[in-house]
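What follows is a single structure, written as C-alpha cells, with notes after it.
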Amino acid sequence: MREVVCAIDLGTTGCRALLVQPDGVVVAEHYVEYGSHYGAGGAVEQEAAEWWRVCVACLAEVRRAAPPAAVCALGLSAQGHSWVLLDDRLRPLRPALCWLDTRSAPFSDEVLRRVGADRLGALTGKLPGAWHLLPQLLLLRELDPAAVAGASWYAMCLDFVAAKLTGNCVTEPTTAAGSLLFDIARREWSAELLNHFDVPADKLPPVVPSGSVVGELSTDAAAATGLPAGVPVVLGGQDQKCAALGAGIRSGVATASLGTSTAVTVLADAPGFDAATKIPCFPFVLDRVWEWEAPLATTGGALRWLRDVLARDTDYAEMDRLAAESPPGANGVTFHPHLAGAASPHWQPERRARFTGLTLGTSTADVIRAVMEGVAYEIRLNVDALERLVGRLDSVHVFGGGARSRVWCELIAAVLDRPVQTVQRVETAALGAAMLAAVHGFGNDLAEAQAALLPPGETLAPSRADAAAYDALLLRYLAE
C-alpha cells in the first residue's frame, strides 16, 4: 500500500480534490461545481454550508481510490477574499460575501480617504477594493449589524474549511493579506488598522505560517469524508498563491493563470508597495518570500464570451485552428479585452472592451486571433511592469484552461519575446496544496516536493519574426 497526500482546492465556482503519490502521479481527482446568489446593487453571496458540502463530496469521491490508511496528509487551498461570519460553534450567521460582490465600493473609497494610499500601501501592500474584507465588513455593519455584533469569527473561505475539518479556526498570511487588515511585512494583523476601524482582534483567526499543520481531521469530518480521523491537516494558502507554487514559480520565472481571469505573478525577497504600477504585493507561501500579483479581469473569459456570443457553433479546438490561419496582427483587427473593466496595469474599471479595424473582409479567424492577441498584449504590459519591480524575467509558466491552446501559448511567447512553458496539469492550485502537504506527509522539503510533483511541461520558444512583428503591433494596440 503506497502512501498518498490528499489536496483540496475550493475555488469561486467549484471544488477540486486530488490524491497524489510521492512521484507526482495523480491517483484520483474529482471536481464539483456550486453556485452563487446574485442580488441588487452588485450583491454576490455564497453559502458556507455549500462550501462544506462540495468539499465533503470531493474528498469522499477521491477517498474511494485509496485505502484510508494510505492518506498521510491533507492540504488546503481556497479562493481568496470571500469570507463569512461564524458564531462560537463555527456556524455561519449569514451568507458569505464573495469577492465578486461590489456593494462595498463606497466603503473602499472611505478606507482610502481615512488611511491614505501611502500608509495603507506600506502596511498592506495594496490599495482598497470592494473585494476586500475590511470594506465589506463596514458594509455589513450597516446591512446586518446583528450578525456582525453576534459573530465570534470573521473567517475567510480557507479558514472556514480548516475549522470544519479540525475544529480549529486559524488562518495563514496569503489568505489574511486579502482582508486589508494585515501587515504583510510583519505577517501579523495590523494593530494600527484594527484600532482605526474598531475591528476586534479576537474575532480574527490566529495567523500561522503557510504550510503549517493546523490540526488533525476530526471524527465528525472523518465520518463525513471517509478519510481516517487523525490525518494531519496542512493549511496551504490562497488559491492563486498555491497555483503559482504548483506551476513552478521561482526567481526569474513568472506564472500566468490563463483562466476566466489571469494573475501574472512574480516572487520578491521583500514586501513593498509601488505607487506607480499599483500592483498588489502579498506574502507568498514560503517563509520570507513575497510576491507581486498583477490581475487581469477577463482573459479566458473573453474567449469564452466570443464563443458563446459570436461563434456559437465553434468549439475551442476549432477556434484554435482558425486563429492559426490569421497572421500576426489579425489582418488589422484589434481587440481590447476589458469586458469587466481594465485591471492591472491600467486600473480603470470603467473601461470597456472594443474591436477596431473591422472591415467587410474581416473573417472569423481574424476576430478569434484578435481576442487572443488582445489578452497577450495585456499580459505583456504586466510582465513589463513587473520587470521594473523585480528585474529580468527569463520565462513565463502558463496554466489554466487557456494553456491547453498551443496556438494561444505560442502567440503569447511571441508577444512576450521570451519562452513560455505550459504546465501539464492546468489546474495547479490543488497541486500546490499537495506540495505543501507532501512536506509533512512524505517528509520532503518544499523544493523536493515541488520538483517531484510538478509534471514536465512543454517550452515554446518565440518565433523571431513574429516577436519583431508584435513589437510594432503592440504600439498599434496602445495607440488605439
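None of the figures in this text is laboratory data; all of them are computed from the coordinates on show. What you are looking at is a predicted structure, and each value in this text was computed from that prediction instead of being measured. Please note: Cβ atoms are built from the backbone with ideal geometry, for glycine as well, and neighbour counts cover all protein chains shown.
Just to confirm a number: summing +1 for Lys and Arg and -1 for Asp and Glu over residues other than Thr102 whose beta-carbon lies under 14 angstrom from that of Thr102, what do you get? For residues surrounding Thr102, the net value is -3. By the equivalent-ellipsoid construction on the alpha carbon gyration tensor, segment 369-480 comes out with semi-axes of 31, 15, 12 Å, ordered largest to smallest. In a solvent-free Debye calculation with one equal scatterer on each Cα, what is log10 I(q)/I(0) for segment 4-240 at q = 0.09 Å⁻¹, listed in the order of the q values? Result of the Debye calculation: -0.37. Projecting the Cα atoms of Ala343, Val213, Gly252 onto the dipole axis of the chain, where Lys and Arg carry +1 and Asp and Glu carry -1 at the beta carbon, places Ala343 farthest toward the positive end. About its Cα centre, what dipole magnitude does the chain give when the only charges are +1 on Lys and Arg Cβ and -1 on Asp and Glu Cβ, stated in debye to the nearest 20? So the dipole magnitude of the chain works out to roughly 260 debye.
Compare the Cα positions of Leu140, Thr174, Pro106 along the charge dipole of the chain (+1 at Cβ of Lys, Arg; -1 at Cβ of Asp, Glu; about the Cα centre) and return the one farthest towards the positive end. Of the listed residues, the answer is Pro106. Along the positive direction of the dipole of the chain (beta-carbon charges: Lys, Arg +1; Asp, Glu -1; about the Cα centre), which of Leu411, Pro280, Leu310 reaches farthest? Projecting each Cα onto the dipole axis, the largest value belongs to Leu310. Specify the inter-centroid distance of segment 296-368 and segment 56-90, based on alpha-carbon positions, in whole Å. When both Cα centres are located, 37 Å separates them.
How large is the helix-only mean residue ellipticity at 222 nm for the chain, computed as the sum of -39500 (n - 2.57) over DSSP H runs with n ≥ 4, divided by its residue count, in deg cm²/dmol to the nearest 500?
After summing the helix terms and dividing by the residues of the chain, the value is -11500 deg cm²/dmol.
Roughly what angle does helix 48-63 make with the longest principal axis of the chain, taking Cα atoms, 0 to 90 degrees, to the nearest 10? Approximately 80 degrees, to the nearest ten.
Size of the chain: Rg and Dmax of its alpha carbons, in Å, are 22.0, 67. Across segment 4-240, the relative contact order, built from alpha-carbon pairs under 8 Å that are at least six residues apart, equals 22 percent.
Percent of Cα pairs in segment 414-480 per distance bin of 5 Å, from zero to the largest separation: 4, 16, 16, 13, 11, 10, 10, 9, 7, 4, 1.
Determine the alpha carbon to alpha carbon distance for each of Lys164/Lys278; Lys203/Lys278; Lys241/Lys278 and list only those over 26 Å. Flagged as over cut-off: Lys164/Lys278; Lys203/Lys278.
Between helix 464-479 and the chain there is an angle of about 80 degrees, using the helix long axis and the longest principal axis of the Cα atoms.
In order along segment 127-143, the Karplus-derived 3J(HN,Hα) couplings, from 6.51 cos²θ - 1.76 cosθ + 1.60 at θ = phi - 60°, round to 9, x, x, 5, 7, 7, 4, 4, x, 5, 5, 4, 4, 5, 4, 8, 6 Hz, and Gly and Pro are given as x. Summing charges over neighbours of Pro67, with a neighbour being any other residue whose Cβ is under 12 Å away from its Cβ, gives +2 when K and R count +1 and D and E count -1. Neighbours of Leu431, meaning other residues whose beta-carbon lies under 14 angstrom from its beta-carbon, give a summed charge of -2 when Lys and Arg score +1 and Asp and Glu score -1.
Our note on the geometry: Cα centres of segment 1-40 and segment 378-399, 29 Å apart.
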